[in-house]
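Asks: Below you will find the structure I want to go over with you.
The values are calculated or read from the model by the stated rules, or taken from the named source; none is laboratory data. These figures come from a predicted structure and were not determined experimentally. Methodologically, a virtual Cβ is constructed for each residue, glycine included, from the backbone with ideal geometry; neighbour enumeration extends over all protein chains shown.
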Amino acid sequence: MDYVGQIIRPPSEANSIILQVTVGCSHNKCTFCGAYKEKRFSIKDDATVDADIQFASQYCRKQHKVFLADGDALILPFPRLIRIFKRIKQDMPWVRRVSLYGSARSIRSKTSEQLSVLKELGLDRVYLGLESGSDTILSKVNKGETAQSMIQAAQHIKQAGLFLSVTVLLGLAEVAGSENHAIETGKVLSKMMPNQIAALTLMVLENTELGKAYSRGEFQIPHAYEMLSELKVLVEHIDTSAQFHANHASNYLPIMGRLPRDKEKILALIHEAQSGARQLVPEGLRRL
């Protein structure tokens, strides 16, 4: 398989065939993200992608999922996507689902009809990074979106009948803005109505603008128990049905549940951790 640079994929795609169809991220300006800083965004040529599909068709017969990398595969022109999906269906008929990262911009660049066609060809799941429901925070981290534009993108995905997984980032508003960040994010998630919500915890990277601001003393990272408080407020303000995952390696307290069914159980677990009755993941064991 032809892989350029480090490959990033969601935890739930651990057993997927990773097919890199683009290199890097089409936006690549978020102040907190260092995943693609060393990559210049580009689209792989058909011959390279075809060779990888052919390889996977021979050696990956026990894997039933495909994840299209890198950071925003949905930005590909619609005819290119159609070609890739048809090749996957033709050469790997045992594959049950195809997933990818999609920015709000790339989602909105496709019509509902186009997304529905991709669904018919095997697209099942789209991962979207919301990060925050606060327009102030979205602007500060240079996300290039607003809460409303994120909601519009989510509605676009849902209208096409696709599974929507949305990621949010605890700690992004520092200590002072923590509560508002959690409240606004919970409200926006409720309007987006994703199938899955994944809460990650900020880990500052040296190669990012945020990391440099932290080194200069211009950004204050909430400590572990402040992150728990933010998580609690977030869960309290989510008013929609969704799988809820806060079990990423970056989190201090691994949590999984179904909202709203498990909301009280989740809040109780957070309270136990806040009171010291439940041990947190040690700082040295947290990972991106």
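Asks: Check ILE107, ILE84, ILE88 and return the single one that is touching a His at 6+ places or on another chain (Cβ under 7 Å) and assigned to a helix (DSSP H, G or I).
Replies: ILE107
Asks: Could you count how many residues in region 126-136 are surrounded by fewer than 24 Cβ atoms within 10 Å (Cβ to Cβ) and touching a helix residue (DSSP H, G or I) at 6+ places or on another chain (Cβ under 6 Å)?
Replies: Summing the residues that are surrounded by fewer than 24 Cβ atoms within 10 Å (Cβ to Cβ) and touching a helix residue (DSSP H, G or I) at 6+ places or on another chain (Cβ under 6 Å) in region 126-136 gives 2.
Asks: Determine which member of the set SER42, SER12, SER57 is surrounded by 15 or more Cβ atoms within 10 Å (Cβ to Cβ), more than 22 Å from LEU202 (Cβ to Cβ) and among the polar types (S, T, N, Q).
Replies: Matching residue, one of SER42, SER12, SER57: SER57.
Asks: Considering only region 239-282, state which residues are of a type in the set (S, T, N, Q) and either closer than 19 Å to SER165 by Cα or surrounded by 14 or more Cβ atoms within 10 Å (Cβ to Cβ) (or both).
Replies: Once the filter is applied, which keeps residues that are of a type in the set (S, T, N, Q) and either closer than 19 Å to SER165 by Cα or surrounded by 14 or more Cβ atoms within 10 Å (Cβ to Cβ) (or both), region 239-282 yields THR240, SER241, GLN243, ASN247, SER250, ASN251, GLN274.
Asks: Here's something else I'd like to know. Could you check region 20-41 and list, in sequence order, the residues that are at pLDDT 95 or above and touching a helix residue (DSSP H, G or I) at 6+ places or on another chain (Cβ under 6 Å)?
Replies: VAL21, THR22, THR31, PHE32
Asks: Hey, could you check region 137-159 for residues that are of a type in the set (Val, Ile, Thr) and in a helix (DSSP H, G or I) and say which is surrounded by the most Cβ atoms within 10 Å (Cβ to Cβ)?
Replies: Checking each candidate, the answer is ILE157.
Asks: Here are LEU169, LEU202, LEU164: which of them is under 16 Å from the mean Cα position of the chain (by Cα), modelled with pLDDT of 95 or more and closer than 26 Å to THR111 by Cβ?
Replies: Matching residue, one of LEU169, LEU202, LEU164: LEU164.
Asks: Additional query: Any idea which of (1) within 22 Å of VAL281 (Cβ to Cβ); (2) in contact with a Phe, Trp or Tyr (Cβ under 6 Å, 6 or more places away or on another chain); (3) not charged (D, E, K, R) is the one ASN195 doesn't satisfy?
Replies: (1)
Asks: Do any helices (runs of 4 or more DSSP H) entirely within region 194-275 hold 2 or more residues that are without any contact (Cβ under 8 Å) to a residue 24 or more places away in the chain, farther than 26 Å from LYS29 by Cα and not basic (Lys, Arg), and if so, which?
Replies: 263-274
Asks: Okay, moving on. Quick check on my filter: what residues within region 23-54 are of a type outside the set (A, V, I, L, M, F, W, C), under 17 Å from the mean Cα position of the chain (by Cα) and either part of a helix (DSSP H, G or I) or under 17 Å from ARG105 (Cα atoms) (or both)?
Replies: Within region 23-54, GLY24, SER26, HIS27, ASN28, LYS29 qualify.
Asks: Residue under question is ASN180, and the condition is that it be in contact with a helix residue (DSSP H, G or I) (Cβ under 9 Å, 6 or more places away or on another chain), over 30 Å from SER116 (Cβ atoms), modelled with pLDDT of 95 or more and among the polar types (S, T, N, Q); does it hold?
Replies: For ASN180, the condition - in contact with a helix residue (DSSP H, G or I) (Cβ under 9 Å, 6 or more places away or on another chain), over 30 Å from SER116 (Cβ atoms), modelled with pLDDT of 95 or more and among the polar types (S, T, N, Q) - is met.
Asks: Take region 220-238 and flag every residue that is farther than 20 Å from ASN195 by Cα, in contact with a Gly (Cβ under 9 Å, 6 or more places away or on another chain) and surrounded by 20 or more Cβ atoms within 10 Å (Cβ to Cβ).
Replies: Matches in region 220-238: PRO222, MET227, GLU230.
Asks: Right, something else. Select, from LEU169, LEU162, LEU123, the only residue that is touching a residue at least 60 places away in the same chain (Cβ under 8 Å) and either of a type outside the set (Phe, Trp, Tyr) or surrounded by 18 or more Cβ atoms within 10 Å (Cβ to Cβ) (or both).
Replies: LEU169
Asks: Quick check, is GLY133 under 15 Å from the mean Cα position of the chain (by Cα), modelled with pLDDT of 95 or more and outside any strand (DSSP E or B)?
Replies: yes
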